[in-house]
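For reference, the structure discussed in these notes is given below.
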Amino acid sequence: MSFNQPGGNDKKNRNEPFGDLMRSMNVFFNESSGKGILRSIDDFFQRPLLHSSFIIQVQETDNEHIVTAELPGIKREQIDLDIYDRHIKITVKKQDILTEEHDRNQTYRRRESMQTMSRTVAFTHPINERNVRASYRDGLLEIRIPKRKGKKVTILEDE
C-alpha cells in the first residue's frame, strides 16, 4: 500500500480502498497544526523524565546511620524530609513550566508538569529528630541519623 500525496494520480487513488483517508491524513500532518501535534509528541519522548523513584543507599557505622539519595537536577527547595517515629520520608516535588510565545503567529503556549516521588526508610529504633543532620550538594542528599545508645547491663556471676 502506498501513501499518496494530495494532487497525485487521482485514477490510482480511486482504486485504493483507503486512498481518501490517506490523503486526508497526509494533508493533516503536513499542515502546521498537525506538525504542532507531532512536535509535542516528539518533545514528550525526548524530554528526560523524572523516574518514579530514586536511588537510596543506607550505611551503618558504629555511631550513626547514613542515608544517601541521588537526586541529580533537583534543587534543594524541591526536597522535603519528614521524620515519623522510626521512619524518614524523602519527598521530591518537581515542577516544569515551558512557555512559548510567537509574535508572528500571535500564539502563546504554556505547558506545566508536576511530578512527585518519595521514598521511606525504616529503622529499628525511634529517631530523635533534633539530632538528625541533612546536607545537599551536587545532586546528593545525605542524612545522618545518630544511633541511640542503650544502657549496658552487667551480668552477675551465679554464686
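Quick check, is R109 over 20 Å from N131 (Cα atoms), surrounded by 11 or more Cβ atoms within 10 Å (Cβ to Cβ) and touching an Asp or Glu at 6+ places or on another chain (Cβ under 6 Å)?
Numbers: over 20 Å from N131 (Cα atoms): yes; surrounded by 11 or more Cβ atoms within 10 Å (Cβ to Cβ): yes; touching an Asp or Glu at 6+ places or on another chain (Cβ under 6 Å): yes.
Yes; evaluated as a whole, the condition is true for this residue.
From the list R104, R148, which one is touching a His at 6+ places or on another chain (Cβ under 8 Å) and either among the aromatic types (F, W, Y) or in a loop (DSSP other than H, G, I, E, B) (or both)?
Criteria check complete, one pass: R148.
Taking region 116-132 on its own, how many of its residues are within 20 Å of Q59 (Cα to Cα) and in contact (Cβ under 8 Å) with a residue 60 or more places away in the chain?
Within region 116-132, residues that are within 20 Å of Q59 (Cα to Cα) and in contact (Cβ under 8 Å) with a residue 60 or more places away in the chain number 2.
Taking region 103-137 as the region of interest, how many residues are over 23 Å from the mean Cα position of the chain (by Cα) and of a type outside the set (A, V, I, L, M)?
Summing the residues that are over 23 Å from the mean Cα position of the chain (by Cα) and of a type outside the set (A, V, I, L, M) in region 103-137 gives 15.
Considering S113, S135, which residue is without any contact (Cβ under 8 Å) to a residue 24 or more places away in the chain, part of a strand (DSSP E or B) and within 18 Å of I66 (Cβ to Cβ)?
Answer to the check: S135.
Is it true that some residue in region 57-72 is surrounded by 12 or more Cβ atoms within 10 Å (Cβ to Cβ), small (G, A, S) and at pLDDT 90 or above?
Taking region 57-72 and keeping what is surrounded by 12 or more Cβ atoms within 10 Å (Cβ to Cβ), we get 58, 64-71.
Then drop every residue that is not small (G, A, S), which leaves 69.
From what's left, at pLDDT 90 or above: 69.
Within region 57-72, one or more residues are surrounded by 12 or more Cβ atoms within 10 Å (Cβ to Cβ), small (G, A, S) and at pLDDT 90 or above.
Being under 23 Å from K149 (Cα atoms) and not in a strand (DSSP E or B) narrows it down to one residue among D82, D62; which is it?
Checking each option against the conditions leaves just D62.
With the condition kept exactly as written, say whether any residue in region 150-158 is in the same structural domain as E64 (by TED's automatic domain parsing), free of Cβ contacts under 8 Å to residues at least 60 places away in the same chain and of a type in the set (S, T, Y).
Within region 150-158, none of the residues are in the same structural domain as E64 (by TED's automatic domain parsing), free of Cβ contacts under 8 Å to residues at least 60 places away in the same chain and of a type in the set (S, T, Y).
The values are calculated or read from the model by the stated rules, or taken from the named source; none is laboratory data. Quick caveat: nothing in here was measured; it's all calculated off a predicted structure. For neighbour counting, all protein chains shown are included, and Cβ atoms are generated from backbone atoms with ideal geometry for every residue, glycine included.
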